[in-house]
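Notes follow the structure.
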Amino acid sequence: MYDGMAVYYPTGWHAVAALLPGDVVTGANLLVVVLTALVWPLGMAALLREVLSEAGGVLAVGTALSGSVVSPLLLLTSVWPYGMSVVVLPGALALIVRAVRAGRVGARVRAAAWTLALGASFGTLIAHGAAVFNLAVLGLPLIVTAGLPVLRRAWGRGVAARTGLLAATALGLIILAGGAWIMRRSLASVFNYPRGAANIWETLFAVVTDHPLLASFTPWIPGNILVFALAVWGAAAWRRIEAVRAWVVGTAIALVLLLLASGPAWPLRALAGPWYTQRARIMPLLTLGMLVLATIGVQEAQRRWSPVGTAIAADRRKWALLLRRHVPATILIVSLIAAPGWRWGLRIELLEAIHDPERASYGAMLSDGELDFIRRIGEELPEDAVVLGDPSNGSAYLWSVAGVHVLYPSRPKPSSTELAWLGENADQIDTDPRVCEILNRHGVGYYYSDDAEPDGLTGGVREPLWGEALARVPHSALEEVDSQGDATLWRITACGDEGD
């Protein structure tokens with residue numbers, strides 16, 4: 001992707017998608033289905049099972065509530081690698097909860113729990129580096145809450161114990177600083193990413209309605225307010241239920257970060273930098289914390305409303321008695337009716353914004369006809385063919401869809417100085433011999449063009465991020481091979497016989 005340059009990018013998603021059967025498109029969509037229908041609900045069920053003092057119907061309701069948010073979490077968090085790290089996060093948090101659980105257990109059992117927790121945490125980092133900050137927001141309060149009593153006891157054991165604690169703290173800070181120094185360039189690009197301010201009141205309303213906060217989708221009505229109301233109820237039990245406190249803290253931190261990302265450009269807004277100051281990337285953390293608190297809220301509702309003893313005999317209204325006997329089931333039914341009901345129009349818009357070339361939020365680079373064209377020429381071109389083209393007009397998909405090598409497989413400006421120069425001077429192919437020298441060195445013999453309007457809608461072409469010359473290669477240097485609609489495949493004739 002980066003012409004052999006050592007550039008960091010989260011590769012967990014790409015590795016799994018590449019190993020799945022079928023082409024890249026099929027593998028990527030299959031991975032979405034697996035993560036949505038299997039990994040996310042299992043991870044949430046595991047997390048809720050570790051948090052709750054009891055399981056049964058409350059666990060089922062909490063897992064079901066998580067189903068109403070998974071589509072925005074996975075599909076609308078800008079990139080699939082980050083979405084993958086969010087989907088596997090509940091499983092890692094479940095193992096952290098188990099590792100820090102209070103009670104006397106053997107050293108071997110505790111060590112095994114921590115080994116699994118650290119392994120799962122490392123897995124989220126493989127999916128996306130930002131997971132380290134996600135774990136800090138939701139996982140660190142769990143560790144601190146459970147560790148404070150232990151630290152207090154250790155601190156009171158004398159000077160030697162205190163010295164050990166201080167040394168361990170210093171070592172941890174050194175390791176943290178070293179990691180930050182190694183990743184300094186990546187961290188700097190993330191923290192310095194330009195992002196305009198948003199509407200804080202809109203953000204607060206989105207918290208109540210569980211809106212993905214990525215684009216202007218409708219309808220803006222509080223149909224999913226049930227999750228918010230249950231989360232508030234669950235958070236109110238922090239005095240009585242010790243496990244609630246860490247989740248209240250983590251969820252509150254996520255809310256503060258979300259508001260900082262929405263606010264004006266003032267110094268504290270830098271705290272939202274690890275998420276590119278993008279509300280849509282922070283929103284899943286708040287949603288996850290709210291789901292845990294909402295499930296505790298269901299547990300509180302069952303404790304408050306379920307009839308006991310003489311209350312059953314005193315309640316002669318059969319419908320009320322039925323609801324009170326099955327509080328979790330009642331809440332589940334309400335959520336299954338309310339959430340999909342208000343999300344129906346929203347879900348349609350989500351799918352259109354992602355998969356419909358004429359409605360894609362950030363513009364499309366392929367139309368349906370162009371996709372068929374790329375598949376066809378992929379069968380016609382020789383195996384060693386290399387194609388030159390503007391990656392923003394769809395040519396980059398020759399590699400992922402048809403397995404045809406392209407000189408520019410991604411839209412950003414390449415790290416290679418040579419290829420960057422070529423992108424700015426490709427239209428000088430008839431007059432500057434260096435253009436042909438570079439093309440011949442890379443074995444390029446074909447050129448892909450698309451004459452559609454670069455509006456991201458008509459014909460699927462987007463405005464180039466750089467290298468406008470890639471779309472202006474003169475026809476005098478080319479010979480047409482095949483075409484469909486506005487897209488054309490050419491053989492480069494100005495540079496010798498490399499395309500034959």
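The values are calculated or read from the model by the stated rules, or taken from the named source; none is laboratory data. Not measured: the values here are computed from a predicted model. Ideal geometry is used to build each Cβ from the backbone, glycine not excepted, and the neighbour counts take in all protein chains shown.
Please go through segment 257-286 and pick out each residue that is surrounded by 24 or more Cβ atoms within 10 Å (Cβ to Cβ) and hydroxyl-bearing (Ser, Thr, Tyr).
If the condition is that a residue be surrounded by 24 or more Cβ atoms within 10 Å (Cβ to Cβ) and hydroxyl-bearing (Ser, Thr, Tyr), then THR277 is the only one that fits.
Could you please give the count of residues in segment 384-393 that are closer than 20 Å to CYS495 by Cβ, in contact with a helix residue (DSSP H, G or I) (Cβ under 8 Å, 6 or more places away or on another chain) and either outside the structural domain of ASN440 (by TED's automatic domain parsing) or not acidic (Asp, Glu) (or both)?
3
Could you pull out the residue among ASP482, ASP427, ASP455, ASP432 that is among the charged types (D, E, K, R) and under 37 Å from the mean Cα position of the chain (by Cα)?
ASP455
For segment 458-479, give me each residue that is out of contact with any Ser or Thr (no Cβ under 6 Å at 6 or more places or on another chain), surrounded by fewer than 18 Cβ atoms within 10 Å (Cβ to Cβ) and farther than 18 Å from PRO409 by Cα.
THR458, ARG472, PRO474, HIS475, SER476
Taking ALA313 as meeting all but one of (1) of a type in the set (A, V, I, L, M, F, W, C); (2) closer than 22 Å to HIS211 by Cβ; (3) at pLDDT below 75; (4) not in a loop (DSSP other than H, G, I, E, B), write down the number of the exception.
All conditions pass for ALA313, except number (2).
Please specify each residue of segment 354-370 satisfying the condition of being modelled with pLDDT of 70 or more and crowded, with 19+ Cβ neighbours inside 10 Å.
Scanning segment 354-370 gives ALA364, MET365, LEU366, SER367, GLU370.
Which of (1) surrounded by 22 or more Cβ atoms within 10 Å (Cβ to Cβ); (2) touching a residue at least 60 places away in the same chain (Cβ under 8 Å); (3) part of a helix (DSSP H, G or I) does LEU350 not meet, given it meets every other one?
Single failed check for LEU350: (1).
Take GLU453 and tell me if it is modelled with pLDDT under 90, of a type in the set (Asp, Glu) and surrounded by 18 or more Cβ atoms within 10 Å (Cβ to Cβ).
So GLU453 does not fit the description; no.
Tell me, yes or no, whether segment 114-129 has at least one residue that is crowded, with 21+ Cβ neighbours inside 10 Å, touching a residue at least 60 places away in the same chain (Cβ under 8 Å) and of a type outside the set (Phe, Trp, Tyr).
yes
For segment 2-21, what are the residues that are of a type outside the set (A, V, I, L, M) and modelled with pLDDT of 80 or more?
GLY12, TRP13, HIS14, PRO21
Report, ordered by the first and then the second residue, all pairs with beta carbons closer than 9 Å, sequence separation of six or more or different chains, a first member in segment 4-15 that is more than 21 Å from ARG185 (Cα to Cα) and among the aliphatic types (A, V, I, L, M), and a second member that is surrounded by 14 or more Cβ atoms within 10 Å (Cβ to Cβ) and modelled with pLDDT of 65 or more.
Close Cβ pairs satisfying both conditions: ALA15/ILE126.
Restricting attention to segment 99-114, and to residues there that are part of a loop (DSSP other than H, G, I, E, B) and basic (Lys, Arg), which single residue is farthest from THR145 (Cα to Cα)?
Filtering first and then ranking leaves ARG104.
Residue-wise test of (1) of a type in the set (Gly, Ala, Ser); (2) at pLDDT 95 or above.
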| site | (1), (2) |
| --- | --- |
| ARG441 | no, no |
| TYR448 | no, yes |
| LEU457 | no, no |
| VAL461 | no, no |
| PRO464 | no, no |
| ALA471 | yes, no |
| ALA477 | yes, no |
| GLN484 | no, no |
| CYS495 | no, no |
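Taking the condition of being closer than 22 Å to VAL144 by Cβ and free of Cβ contacts under 8 Å to residues at least 60 places away in the same chain, how many residues in segment 74-92 meet it?
Summing the residues that are closer than 22 Å to VAL144 by Cβ and free of Cβ contacts under 8 Å to residues at least 60 places away in the same chain in segment 74-92 gives 2.
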